[in-house]
There are 2 protein chains.
Amino acid sequence: MNAGRKKTFDTQEALDKATKLFWLNGYSGTSISDLTATLGINKPSLYNAFGNKEHLFQASLDHYMKHYGSPRWEKLNVSEEIPLEHRLKAFLQAVIKLVTDPGLPQGCLFVKSTCDSNSHALPEAITQTLKELASNNLTALEAVLRKERAAGSIPPTVDIDQMATYLASVLYGIAVLARSGSSADSLQKAADMAVSTLLQHKG
Amino acid sequence: MNAGRKKTFDTQEALDKATKLFWLNGYSGTSISDLTATLGINKPSLYNAFGNKEHLFQASLDHYMKHYGSPRWEKLNVSEEIPLEHRLKAFLQAVIKLVTDPGLPQGCLFVKSTCDSNSHALPEAITQTLKELASNNLTALEAVLRKERAAGSIPPTVDIDQMATYLASVLYGIAVLARSGSSADSLQKAADMAVSTLLQHKG
DNA sequence: GCAATTCTGTACCAGTCGGTACATTTATCA
DNA sequence: TGATAAATGTACCGACTGGTACAGAATTGC
């Protein structure tokens, strides 16, 4: 079972490095040579560990959502006793901190990749994955809002889908602005504004 | 002066086709072969007419802003007698119509390209151009808001930069959502909400 | 020690990339 | 009718693309 030569690299570490490279340069902007250089391994090792470029990207997307995306989304569900406005602000603040983190690529891998979907710069299977992830995001927002509406902190007349789409647009727009160099500070002010009057909104 | 063989194609038509191809597939996702095939011309003709890939992309960005972007932005300045709310909604409605137009690539070339900036999937000069375009967009929004504030239709305490960044995030987010397949209808509802949120905001 | 197993490094594959040299065709001007 | 100018089609360039064959190195169980 444990026979054979030992791996000289850690698969998870390599996956994280690959994720950051895709995050920075995108799918078609990242070559296998870029990857092997950054990961410090040779091509056969890479192909043995991750299959091919498309599989590696899928794994990177998954890794990104689990390790960079989800921790921010948890801010929305931390506790229903905290007012929705505070949770939304905390969520967006955490997102802004991520997408402007100087130690990480600017912006968001999901948003960036979504802009590549439905093109032949991206394999169809990846476009499909991205569509599912987008749907999951909207569903998560809707679930939070629905709970709030049931709890009475949001008017019963409010259109949940509308509000979720609105929040998603602010969320994704922030990622684009971060990529274009906007400061965390100005993004935070915009995010506060996006949330501030949300609760006053009458369906 | 008029000596020499006649061109067999129209430069502007070819530029528009190239723009749509970049719009669909992005800079690094569009090859010279793709371009010559779609434009129906050979490589020497393409290089003679547009320089090289980078120059062609710069020209495409310019063409895009002039022929697809600007007409929408004009909705903001159509007349100061029309209430800001109506102009903002008309602006966003026109943008949504563009980014979801079934006869055009989904989303926005500027937003898509911005997500590629600061990466080696894009020449540095193009990243610089995109940064300038982003700055122009923010400045245009700020100018509109400043006028409104001076005219008294927006509270004098309002932070113009904050409001402009907020609008930009909604605007860019809509382009991302369009690319991921959101319907014009749901985007329109989200945009309406964004506008009413903005108008309810008190500095 | 010795097979079996697994990873590593090198060297290579066909195909495509952006870009160009060059000869040819088509036009204008003298 | 040339001479000149400009656009065309073909054929090619070195570099890079994603991907792999193969030999050798390292580890295990027997």
(message) Between 0 and 90 degrees, rounded to the nearest ten: what's the tilt of helix B:11-25 against the longest Cα principal axis of chain B?
(response) 70 degrees
(request) Using 0.36 nm per residue of separation minus the Cα-Cα distance, give me the extension gain between A:GLN12 and A:HIS120 in nm, one decimal. (result) 36.0 nm
(request) Quick one: order A:SER196, B:SER79 by neighbouring beta-carbon count within 10 Å, fewest to most. (result) B:SER79, A:SER196
(request) Please work out how much length the chain gains when fully extended from B:HIS67 to B:LYS97, using 0.36 nm per residue of separation minus the C-alpha to C-alpha distance, in nm with one decimal. (result) 9.4 nm
(request) List, largest first, the extents of the alpha carbons of the protein assembly as shown along their principal axes, each in whole Å. (result) 79, 58, 32
(message) Could you tell me the calculated FRET efficiency between B:SER135 and B:LYS202, based on Cβ-Cβ distance and R0 = 30 angstrom, to the nearest 0.05?
(response) 0.60
(message) For the pairs A:LYS17/B:LYS131; A:LYS75/B:LYS112; A:LYS20/B:LYS53; B:LYS7/B:LYS53; B:LYS7/B:LYS131; A:LYS7/A:LYS97, flag any whose C-alpha to C-alpha distance is greater than 24 Å.
(response) A:LYS17/B:LYS131; A:LYS75/B:LYS112; A:LYS20/B:LYS53; B:LYS7/B:LYS131; A:LYS7/A:LYS97
(message) Taking the Cα centre as origin and putting +1 on Lys and Arg beta-carbons and -1 on Asp and Glu beta-carbons, what dipole magnitude results for segment B:64-200, to the nearest 20 debye?
(response) 220 debye
(request) Compute the distance in nm between two label points, each set 7 Å from the Cα along the Cα-to-Cβ direction, one at A:SER79 and one at A:SER183. (result) 3.3 nm
(request) Just tell me how shielded B:125-136 is by partners: mean number of partner chain Cβ atoms within 10 Å of each residue's Cβ, no decimals. (result) 1
(request) Post the alpha-carbon centroid distance, segment B:80-130 to segment A:1-63, in whole angstrom. (result) 33 Å
(message) Suppose a student asked you for the relative contact order of chain A, using Cα pairs under 8 Å spaced at least 6 residues apart; what percent would you report?
(response) 22 percent
(message) On C-alpha positions alone, give me the angle between the axis of helix A:160-179 and the longest principal axis of chain A, in degrees, nearest 10.
(response) 50 degrees
(request) Give me a single rounded figure for B:189-200: the average over its residues of other chain Cβ atoms within 10 Å of their Cβ. (result) 5
(message) Along its three principal axes, how long is segment B:64-200 when you only count alpha carbons? Whole Å, largest extent first please.
(response) 46, 32, 23
(request) Set the Förster radius R0 to 35 Å, insert the Cβ-Cβ distance between A:HIS86 and B:ALA90 as r into 1/(1 + (r/R0)^6), and round the FRET efficiency to 0.05. (result) 0.55
(message) I want to check the label-to-label distance for A:GLN128 and B:SER153. Put each point 7 Å from Cα in the C-beta direction and report it in nm to one decimal.
(response) 4.9 nm
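Each value in this text was obtained by applying a stated rule to the coordinates, not by laboratory testing. Keep in mind it's a predicted model, so treat the numbers as computed, not measured. No Cβ is skipped: glycine too gets one built from the backbone with ideal geometry, and neighbour counts run over all protein chains shown.
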